[in-house]
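This report concerns only the one structure given below.
The values are calculated or read from the model by the stated rules, or taken from the named source; none is laboratory data. These numbers were taken from a predicted model, which means no experiment stands behind them. We place every Cβ from the backbone using ideal geometry, glycine too, and count neighbours over all the protein chains shown. Only protein heavy atoms, including side chains, enter the accessible area calculation; ligands, DNA and RNA are left aside. Shrake-Rupley method; radii C 1.70, N 1.55, O 1.52, S 1.80 Å.
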Amino acid sequence: GARVVLLLALALALTLAAALAAANFARSRAAAELGQRAAAALPLVESALSSLIEKERLVPLVLARDPEVMALLAAPEPASERRLDAKLADIAAGAGAAVIYLVDRNGVAVAASNAGATDSFVGSDYGFRTYFTEAMAKGAAMQYALGTVSGRPGLYLSRRVDSVLGPLGVIVVKVELDALETSWRDGGIVVTASDTKGTVLATTEPGWRFRSLPGRGTAREAPIAPAEDGLVRITRDGGSGLFAAASAPVGPSAPGWTLSLFIPAGTLPTDASRYAALTVFLAGLLLTAAAAWLLRRRRWAAALAAMNQELGRRVAAAIADRETAETRVRRLRDELAQANRLSILGQIAAGVAHEINQPVAAIRTYAESGVQLLDAGATDEARGNLGAIVAVTERIGAITRMLRGFARRGSGGIGPVPVDEAIDGALALLSGRIRDAGARVDRGAPQPGLSAIAGRIRLEQILVNLLQNALDALRDSPDPAIAIAVAADDACVSIRVRDNGPGIAAEARETLFMPFVTTKPTGLGLGLVISGDIAREFGGSLQLDPESGPGASFVLELPRGAA
Ligand code: ADP
């Protein structure tokens, strides 16, 4: 629910934060790596510059001891000067120097490799130039400067020419670093060589020459600005870009010089940061999704397990319920039947005592008066008394016969009994009485194959009972008729016995199934009681049909037997 949504939102926020952090980290890492690459490239650039300077420095070193040079300075003479011009031109071409020239003690060039050309140095005064004055003072000098004649920048390497008498002049080689600068530029890097004051000398960027590196506080600084992640932003040709920078002092070849190298970062840091951010973001999303999935799966599993458990519990409960319900019903039915039987027995016992008391009292009376009659010699009357006693014992015999039948009833198995056969059997037993009564019996259509769960004899006993009651009720009927109707559904067979007699009064219905309740002079009031008991024993019932019209109608319902 809301908790899961909150967790997901939190995970998303964390993912975003992680992606941002990863982006920053990746960008600074990329920048640092570029810086390292620049630092690694620096020695190569430096050694190229250094070796060039070392090589070119050899030229004035060697020429300063050249006897021809020394001789010329010691004794100037035009022919030897021109010869030296040619020699210097030769050396300059071989050494890759721009110009080599010899300056006399006064600073005037006396010989030069470019002597024949229009921009010839010969005759020019270089006495003001640092490479001259410093060389004169210290023996050697190095100066990066623009040429006064050519206007082209170059590195001036100078050396004093000495004789035993003292300094004779200075030999100078001017080296233009164009080729080196071009090779750096072709390598796609930006390089500056700057002096102690931070002034850019040799550089791949001609526009920066003699401007100062940033942070020097001068008006003309090179357009290099510090940027994020230790990178610098360089503005060139209107556009600008990020560069990784590295710088180091140039070796002994150029004391005081600093070499700076800039590698274009291009879109690398941005790309790296984007890539990292995307990767981390996707990973975060994946993780979040995985976590959500796991969470839900666990939840689902738990829910499923709970559901299963609940289902199992309910099914078990339902089964137990049904079992208990079934057993409860069965037990209740058994208990009811037992209680019923006991109550019937109790009532019968009480009734029997009462019923037998009367005839016994009657027998006693008859016997006593019979004795008196015999004493008086009235044997005929005494005979009458004895006959009366026999009649009374008949009644006692009937009661005991009924009770014996009731007691024996339990015997005999229960099973499918063809309904037609039971009905026909009962009618056959009563055929004499039916004929005497002149009653019409509507037997109903036969139902071949229909059977009820019962005991054959006891089912006939019930039917005989019902038919006898009907015949009794029809004693005074002008048009006695009995109808037997059989109906059945899947589970149940019902046998209806109806007569067109006087019927049963409403108040009599209550006591109909009570023992010894009878409206008949010689009745025992046990027929319906015992019949009902037997029906219950079969798992059925015997009831008065409440909707019976004129006359009485009893319905015997029994479980249906298998076809
Ligand atoms: P008994 O036949 O010995 O009287 P029953 O238990 O068979 O005992 O009948 C009880 C009473 O129910 C009868 O005395 C009678 O009053 C009444 N009865 C039973 N069947 C009928 C019937 N078909 N028509 C009218 N009354 C009946």
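What the table below lists for this structure:
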{"item": "Among (1) among the hydrophobic types (A, V, I, L, M, F, W, C); (2) modelled with pLDDT of 90 or more; (3) surrounded by fewer than 19 Cβ atoms within 10 Å (Cβ to Cβ); (4) more than 30 Å from VAL110 (Cα to Cα) - the single one PHE210 does not satisfy", "result": "(4)"}
{"item": "Where a residue in the stretch 111-122 is open to solvent by less than 20 Å² (accessible area, probe 1.4 Å) and its partner, wherever it lies, is assigned to a loop (DSSP other than H, G, I, E, B), with Cβ under 8 Å and at least six apart", "result": "ALA111/VAL122; ALA112/SER120; ALA112/PHE121; ALA112/VAL122; PHE121/ASN114; PHE121/ALA115; PHE121/VAL149"}
{"item": "Unmet criterion (only one of (1) open to solvent by 20 Å² or more (accessible area, probe 1.4 Å); (2) over 24 Å from LEU157 (Cβ atoms)) for ALA244", "result": "(1)"}
{"item": "Test: GLN468 is under 21 Å from ARG560 (Cβ atoms), open to solvent by 30 Å² or more (accessible area, probe 1.4 Å) and within 15 Å of the ligand (Cβ to nearest atom)", "result": "no"}
{"item": "Where GLY540 falls short, out of the listed (1) within 11 Å of the ligand (Cβ to nearest atom); (2) surrounded by 19 or more Cβ atoms within 10 Å (Cβ to Cβ)", "result": "(1)"}
{"item": "Flag for LEU474 being modelled with pLDDT of 90 or more, within 12 Å of the ligand (Cβ to nearest atom) and aliphatic (A, V, I, L, M)", "result": "yes"}
{"item": "Residue within the stretch 261-283 that is in a helix (DSSP H, G or I), aromatic (Phe, Trp, Tyr) and on the phi < 0 side of the Ramachandran plot present", "result": "yes"}
{"item": "Answer from LEU58, LEU14, LEU34, LEU7 - the residue that is hydrophobic (A, V, I, L, M, F, W, C) and at pLDDT 90 or above", "result": "LEU58"}
{"item": "Filter pass, GLY549 being more than 7 Å from the ligand (Cβ to nearest atom) and over 25 Å from ASP476 (Cα atoms)", "result": "no"}
{"item": "Within the stretch 159-193, tally of residues that are open to solvent by less than 10 Å² (accessible area, probe 1.4 Å) and assigned to a loop (DSSP other than H, G, I, E, B)", "result": "1"}
{"item": "Where GLU507 falls short, out of the listed (1) in a loop (DSSP other than H, G, I, E, B); (2) more than 25 Å from ILE457 (Cα to Cα)", "result": "(1)"}
{"item": "Where a residue in the stretch 509-535 is more than 17 Å from ASP472 (Cβ to Cβ) and its partner, wherever it lies, is within 8 Å of the ligand (Cβ to nearest atom) and part of a helix (DSSP H, G or I), with Cβ under 8 Å and at least six apart", "result": "MET514/VAL529; PRO515/VAL529"}
{"item": "Selection from the stretch 1-27 of residues that are open to solvent by 40 Å² or more (accessible area, probe 1.4 Å) and closer than 16 Å to VAL280 by Cα", "result": "LEU10, LEU12, ALA13, LEU14, LEU16, ALA17, ALA18, LEU20, ALA21, ASN24, PHE25, ARG27"}
{"item": "Output for the stretch 193-227, where each listed residue is of a type in the set (D, E, K, R) and in contact (Cβ under 8 Å) with a residue 40 or more places away in the chain", "result": "ASP195, ARG209"}
{"item": "Sole residue being more than 12 Å from the ligand (Cβ to nearest atom), aliphatic (A, V, I, L, M), over 25 Å from MET402 (Cβ atoms) and surrounded by 14 or more Cβ atoms within 10 Å (Cβ to Cβ), chosen from LEU429, LEU459, LEU450", "result": "LEU450"}
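Matching residues to (1) more than 18 Å from ASP489 (Cβ to Cβ); (2) free of Cβ contacts under 8 Å to residues at least 40 places away in the same chain:
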residue: PRO416; (1), (2): no, no
residue: GLU421; (1), (2): yes, yes
residue: ALA428; (1), (2): yes, yes
residue: ARG435; (1), (2): yes, yes
residue: GLY449; (1), (2): no, no
residue: GLY455; (1), (2): yes, no
residue: ARG458; (1), (2): yes, no
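Residue-wise test of (1) more than 6 Å from the ligand (Cβ to nearest atom); (2) among the β-branched types (Val, Ile, Thr).
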| site | (1), (2) |
| --- | --- |
| ALA483 | yes, no |
| ALA488 | yes, no |
| ALA491 | yes, no |
| GLY501 | no, no |
| THR511 | yes, yes |
| PRO521 | yes, no |
| GLY527 | no, no |
| ILE530 | yes, yes |
| ALA535 | yes, no |
